Structures are given as C-alpha cells and as structure tokens.
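Chemist: One structure, as structure tokens, below. Some questions next.
The values are calculated or read from the model by the stated rules, or taken from the named source; none is laboratory data. Only a predicted model underlies this, so the values are computations on that prediction, with no experimental measurement involved. Counting neighbours? That spans all protein chains shown, and the Cβs are built from the backbone with ideal geometry, glycine included. Accessible surface is based on the protein model in full, side chains and every heavy atom, while ligands, DNA and RNA are left aside. Shrake-Rupley method; radii C 1.70, N 1.55, O 1.52, S 1.80 Å.
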Amino acid sequence: GAVVSQHPSWVICKSGTSVKIECRSLDFQATTMFWYRQFPKQSLMLMATSNEGSKATYEQGVEKDKFLINHASLTLSTLTVTSAHPEDSSFYICSARDMAAYNSPLHFGNGTRLTVT
Amino acid sequence: GQQLNQSPQSMFIQEGEDVSMNCTSSSIFNTWLWYKQDPGEGPVLLIALYKAGELTSNGRLTAQFGITRKDSFLNISASIPSDVGIYFCAGQLTNFGNEKLTFGTGTRLTIIP
C-alpha cells in the first residue's frame, strides 16, 4: 500500500532556531501533500496544502513566513518552522494521495514531534 | 478551521464488547473516511466511503455513509486490546482530486481489563 515517510520522527530545538521536516511518498507520486498540526489530545488541523512546482496554500491563521513549505518534486515536500518558539511545539503530520490512483484516499506519515525549548 | 462533531468523546469498554461511534456535520461531504491513531503515530486509514448510504466492512469494522451525507458511523465488533487508540472521522467534499480533509474531534477508545 501507499507509504508516506516523515523525517525526523522527533526533534528538539532551541527557541529562535529553524527546523526542517521532510515528507516523502515512498511508492507513489503526489502533486499535492498536506501538512497538519496536532496539539495534545486534539484533532488534526490542516495548516497548508503543498503543491508541486508552485506555492503552497495556507489555511487561515497560519503564517506562511513562519511555516515555509517547499514541494520540489513529486515525492518530497518539506516544512520548515522558522524562528521556532515554545508555542510551536506540536505534532506535525503530513499526508499525500497517489495521483495515479482514482479515488485513492489520503495516507499519512508517522508524524514529527517538535519540542522547542 | 472547521471540525466535525464526533461522539462519544471517549469510551471505556471491556474486551469483547461492541463499539459504536458517529460523526456529524452541518455541511455535506461526498467522501467519509475513518482513521485510527495510536500514540505518537500518524493516522491509519480504516475505511473509506464514497457514496451516500454505502455500508462497508473491513474485518470487525463496519462503517456507513449517512444518506443525508452529513453523518457517518463506525462500529467495531468484539473489541480486542489492539483496538485501543483514537478514532477520527474525516470528511471530504470531492471523490477525487487533491481535496483537503476535515477531521472530527476524535473518539478515544480504552479497554478495561
């Protein structure tokens, strides 16, 4: 089945630094990937839609200059949290759909736990 | 962002019991999905529903796409310890293409020994 891989699975960084999270579709291609954020005991909230070869689309309230998204190929999207602060600590999850498969549902990565100290 | 109302919020059951949870929305969706999330991991797809009224099974799991397209339910029969986790419903406006998902608030399932 479709596999989405995220790296790293967890990261601890100091306040003010930047962190890059990678999302890869391992056995399929995806023109679009989605980035979600999940706070403890809460649901997944969509942050942005990553589009291969073009700019990402951000949800209302999500700062595009803080959460930089790059979708340089059909199998890789990256999310960079710039100038991280403790309130950015969260579980970040990406998802993607196989563009070649009709009606294929979204598959999710295993998430990245970000802790900003 | 928009969220779907999911109930119950949590369930405490004994092994072997059946489980039922549902998801409601104020707006119509054309696709309903059910995911399970274990601690520290991403959601895993359980069942996908693409047609109003559709009833689909996956082993001990059964889900239905409400006829009004504003709700869906998930049943788990004869629960086992590995069923423990958080279950999320998700709605999507289209059946194809790269449409974003709206997630439910989640149902946390705990099995009492």
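Chemist: Ignoring ligands, DNA and RNA, how much accessible area is buried between chains A and B, both sides summed, with a 1.4 Å probe, to the nearest 100 Å²?
Modeler: Values: alone 6630 and 6220 Å², together 10950 Å².
The contact between B and A buries close to 1900 Å².
Chemist: Counting pairwise Cα distances across chain B, what percent come out greater than 17 angstrom? Can you show the working numbers first?
Modeler: Values: 3190 of 6328 pairs.
Everything past 17 Å amounts to 50 percent.
Chemist: Across segment B:48-113, how large is the tail of the calculated P(r) beyond 17 Å, expressed as a percent of all Cα pairs? Each step should come with its number before you reach the end.
Modeler: On the way: 1054 of 2145 pairs.
Pairs farther apart than 17 Å: 49 percent.
Chemist: Rounded to a whole number, what is D in µm²/s for segment B:1-48 from Stokes-Einstein with the Kirkwood radius over alpha-carbon pairs (10 °C, 1.306 mPa s)?
Modeler: For the chosen part, D equals 122 µm²/s.
Chemist: Still on this model: Using a 10 Å cut-off on Cβ to Cβ distances, tally the other chain neighbours for every residue of A:106-113 and report the average as a whole number. Show your work: numbers first, answer last.
Modeler: On the way: counts 12, 5, 8, 3, 6, 5, 1, 1.
Per residue, the number of nearby Cβ atoms from other chains is 5 on average.
Chemist: Still on this structure: Check cross-link reach from A:K66 to the aspartates and glutamates: straight Cα distance under 13 Å, and skip same-chain residues fewer than eight apart.
Modeler: A:E87, A:D88
Chemist: If you count only protein heavy atoms with a 1.4 Å probe, what accessible area per residue comes out for chain B, rounded to a whole Å²? Present the calculation step by step, with values, prior to reporting the outcome.
Modeler: Values: 5280 Å² over 113 residues.
Heavy-atom SASA per residue in chain B reads 47 Å².
Chemist: Take chain A, mark every one of the trypsin sites (Lys or Arg not before Pro) that falls in a DSSP loop and has at most 15 other Cβ within 10 Å, then report the longest stretch left between them, sites excluded. Walk me through the numbers before you get to the answer.
Modeler: Numbers: sites that count: A:K14, A:K41, A:K55, A:K64, A:K66.
So the longest stretch without any such site is A:67-117.
Chemist: Relative contact order of chain B: what whole-number percent is it, with Cα pairs under 8 angstrom and at least 6 residues apart? Display every interim value, and only then the final one.
Modeler: Working: 284 pairs, mean separation 42.5, N = 113.
Answer for chain B is 38 percent.
Chemist: Residues of chain A: accessible area per residue at 1.4 Å, in Å²?
Modeler: Working: 5670 Å² over 117 residues.
Heavy-atom accessible area per residue stands at 48 Å².
Chemist: From the mean inverse distance of alpha carbon pairs (Kirkwood) and the Cα radius of gyration, derive Rg over Rh for segment A:1-46. Numbers along the way, then the final one.
Modeler: Values: Rg = 13.1 Å, Rh = 12.9 Å.
With Rh from the inverse mean 1/r over Cα pairs, Rg/Rh is 1.02.
Chemist: For the protein assembly as shown, compute Rg over Rh where Rg is the Cα radius of gyration and Rh is the Kirkwood radius from the inverse mean 1/r over Cα pairs. It would help to have the intermediate numbers written out before the result.
Modeler: On the way: Rg = 17.5 Å, Rh = 18.1 Å.
Rounded to two decimals, Rg/Rh equals 0.97.
Chemist: Under the definition of partner shielding as Cβ atoms of other protein chains within 10 Å of a residue Cβ, what is the mean value for peptide A:85-94? Working shown, then result.
Modeler: Working: counts 0, 0, 0, 0, 0, 0, 4, 0, 4, 1.
That average works out to 1.
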